[in-house]
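Here the structure is laid out as structure tokens; the discussion comes afterwards.
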Amino acid sequence: ASVRIGYDNLASYWENHTKGYKYGMASVASWENGLPIAGEEITGGKDTEMSGDSKLDWQYRAFNFQMNVDWQRQFGVHSLYSMLLYTYKYDNAKGINNTFYRQNAGWYTHYGFKNRYFADFTLMASASNLLAPDHRWNVSPTVGLAWLISNEKFMQSQNVVDFLKLRASFGMLNTDNIPGNG
């Protein structure tokens, strides 16, 4: 069994602080025999109070949670592995319509016979707030069958192929991958 939790909070935050100052300098107004004899003061600007502003440019927050329970056994020439899984994902970005929730609950089982013949069964229920309210939850069943031909006795006497597997699978998959801008 395992549990995983993750939280991300990313942002771009700007601050600007400004203060004005009076400034000045002395400048030579006239010269005599290469030496300055008269000067003047040149000034500009003015003293002001400190002012400032700030802005949240963008922000992204995400929360992830996953837990699963695994079970595995070997019974002679039979091997069995099974897992129950639950995941939850929350994404939130600054702006309108940028909050997404996703949940998955599933069961996966793998059966092996003599390390040659295999069957996989998966049943996943998925939900998303991107889908219409009456269609938020969908079920995705899948089945896979495999034959590990390279583990057969008739393949042991050759040196050309060291791994050969024939696999077929069938299932129904659901997605909420809807383009955001139409």
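Since every read-out is calculated from the coordinates, none of them should be taken as a lab result. Bear in mind that the values here come from a model prediction, so they are computed numbers and not experimental data. As a convention, Cβ positions derive from the backbone with ideal geometry for all residues, glycine included, and neighbour counts pool all protein chains shown.
Can you give the relative contact order of the chain as a percent, counting alpha carbon pairs under 8 Å and 6+ residues apart?
Values: 384 pairs, mean separation 26.0, N = 182.
Taking the mean separation of contacting Cα pairs over the length of the chain, I get 14 percent.
So how far, in whole Å, is the C-alpha centre of the stretch 38-60 from the one of the stretch 90-151? Their Cα centres are 58 Å away from one another. Normalised radius of gyration (Cα atoms, divided by 2.2 N^0.38 Å) for the stretch 76-182: 1.55. By the Kirkwood approach, averaging reciprocal distances over each pair of separate Cα atoms, the stretch 85-145 gets a hydrodynamic radius of 13.8 Å.
Among Ser79, Ser128, rank each residue by its count of other Cβ atoms within 10 Å, from fewest to most, as a rough exposure measure.
Values: Ser79 16, Ser128 20.
Ordered from fewest to most neighbouring Cβ atoms within 10 Å, Ser79, Ser128 come out as Ser79, Ser128.
In units of the compact-protein estimate 2.2 N^0.38 Å, the stretch 1-42 shows a Cα radius of gyration of 3.34.
Note: the chain, Cα convex hull, 334 Å³ per residue.
Sort 101-112, 9-20 by packing, meaning the average of other beta carbons within 10 Å per residue, with the highest value first.
Details: 101-112: 15.9, 9-20: 9.9.
Taking the mean over residues of other Cβ atoms within 10 Å, the ranking is 101-112, 9-20.
Taking the convex hull of the alpha carbon positions in the stretch 143-182 and averaging its projected area over all directions gives 5.1 nm².
Within straight-line reach of Lys46, meaning a Cα separation under 22 Å, sit the following lysines at least 8 residues removed in sequence or on another chain: Lys19, Lys22.
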